Amino acid sequence: MDESIGRLIKVAHTRFKAQLDELAKPYGLTGVQMGVIDYLRSAPDEVTQKDIENEFQIQGSTVTVMIDRLENKELVQRAKSLKDKRVNEIKLTEKGQNISNLVKNYTQTHEKDILSQFSEEENKVILKFLHSFEK
């Protein structure tokens, strides 16, 4: 096989990221900020700054600045964690929830468009392949 799977994954990621940046631009946000908003929407438990650092593999200082900016735009708020009072939980505001719905709708439509090119069996293989990176 002459094609590089890694390169193709990088191309797909780069295109998706560019499209998310375009979606974010009218709201004065970046694609990464939109990704964090989406992460906050879909997280089953409370989310701390450390969780965001780990999920997006970015430094704590970068996350601090990002959360400050999102808080200034009234999209998120910090609140003392119920589990550990030394830690702040990052929560979406109502305005942030509205933005997260945009990201969710965009992502669902984008994924549906991509996967519609393949059979149900092929979709299962694609998802199995992608889930293998979570380990």
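A few points about this structure:
- A residue that is assigned to a helix (DSSP H, G or I), of a type in the set (Val, Ile, Thr) and touching a residue at least 60 places away in the same chain (Cβ under 8 Å) occurs nowhere in the range 109-116.
- Failed item, numbered, when residue 28 is tested on (1) under 16 Å from the mean Cα position of the chain (by Cα); (2) more than 25 Å from residue 133 (Cβ to Cβ); (3) touching a residue at least 24 places away in the same chain (Cβ under 8 Å); (4) exposed (fewer than 15 other Cβ atoms within 10 Å of the Cβ): (1)
- Any chance residue 49 is touching a helix residue (DSSP H, G or I) at 6+ places or on another chain (Cβ under 9 Å), modelled with pLDDT of 95 or more and of a type in the set (S, T, N, Q): no
- Filtered residues of the range 76-100 (kept if in contact with a Lys or Arg (Cβ under 8 Å, 6 or more places away or on another chain) and of a type in the set (S, T, N, Q)): 77, 88, 97, 100
- Where residue 121 falls short, out of the listed (1) more than 18 Å from the chain's Cα centre (by Cα); (2) within 23 Å of residue 47 (Cβ to Cβ); (3) modelled with pLDDT of 90 or more; (4) of a type in the set (D, E, K, R): (2)
- Tally, over the range 31-53, of residues that are of a type outside the set (S, T, N, Q), in a helix (DSSP H, G or I) and within 13 Å of the chain's Cα centre (by Cα): 13
- Scanning the range 117-135 for residues that are among the charged types (D, E, K, R) and assigned to a helix (DSSP H, G or I) turns up 120, 121, 122, 124, 128, 134.
Condition check ((1) surrounded by 14 or more Cβ atoms within 10 Å (Cβ to Cβ); (2) within 24 Å of residue 21 (Cα to Cα); (3) among the aromatic types (Phe, Trp, Tyr)) across all residues:
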site: 41; (1), (2), (3): yes, yes, no
site: 51; (1), (2), (3): yes, yes, no
site: 73; (1), (2), (3): yes, yes, no
site: 80; (1), (2), (3): no, no, no
site: 92; (1), (2), (3): yes, yes, no
site: 110; (1), (2), (3): yes, yes, no
site: 113; (1), (2), (3): no, yes, no
site: 126; (1), (2), (3): no, no, no
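- Qualifying residue in the range 54-72 (condition: in a loop (DSSP other than H, G, I, E, B), under 17 Å from residue 91 (Cβ atoms) and among the aliphatic types (A, V, I, L, M)): no
- Hey, residue 88 without any contact (Cβ under 8 Å) to a residue 40 or more places away in the chain and either on the phi > 0 side of the Ramachandran plot or under 20 Å from the mean Cα position of the chain (by Cα) (or both) or not: no
The values are calculated or read from the model by the stated rules, or taken from the named source; none is laboratory data. Not measured: the values here are computed from a predicted model. When we count neighbours, we look across all protein chains shown, and the Cβ atoms used for this are built from the backbone with ideal geometry, even at glycine.
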